[in-house]
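> Here you go, one structure.
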C-alpha cells in the first residue's frame with residue numbers, strides 16, 4: 001500500500017513550496033480538530049492530563065506551522 005506522502009512530487013523548488021503549503025493546510029486542519037476536541041472536554045476535567053496533552057499538541061502544531069511558513073521566505 002503506497003502512502004499519499006510517497007506520491008508527492010518534490011522535484012522542483014516550486015513543487016516543494018506547494019507541498020509545504022499543503023502540509024501547512026493539513027496541520028491547520030489537525031489543529032482545528034484538536035481545538036474542537038479540547039472544547040468538548042467537560043469543564044470539571046480540564047485540569048486533567050488529556051486537556052494538558054491537547055493544549056501541548058496545539059502549541060506544538062502552531063510552532064510547526066510558523067516554522068513552515070518561513071521556510072520559503074525570500
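Read the figures in this text as sums done on the coordinates, not as results from a lab. Just so it is clear, the structure is predicted and the values come from calculations on it, not from any experiment. Methodologically, a virtual Cβ is constructed for each residue, glycine included, from the backbone with ideal geometry; neighbour enumeration extends over all protein chains shown.
> So in the range 16-74, with the set limited to residues that are free of Cβ contacts under 8 Å to residues at least 24 places away in the same chain and part of a loop (DSSP other than H, G, I, E, B), which one is nearest to residue 4 (Cα to Cα)?
70
> While we're on this one: Among the residues of the range 33-55, is any surrounded by fewer than 11 Cβ atoms within 10 Å (Cβ to Cβ) and touching a helix residue (DSSP H, G or I) at 6+ places or on another chain (Cβ under 9 Å)?
Yes: the range 33-55 contains one or more residues that are surrounded by fewer than 11 Cβ atoms within 10 Å (Cβ to Cβ) and touching a helix residue (DSSP H, G or I) at 6+ places or on another chain (Cβ under 9 Å).
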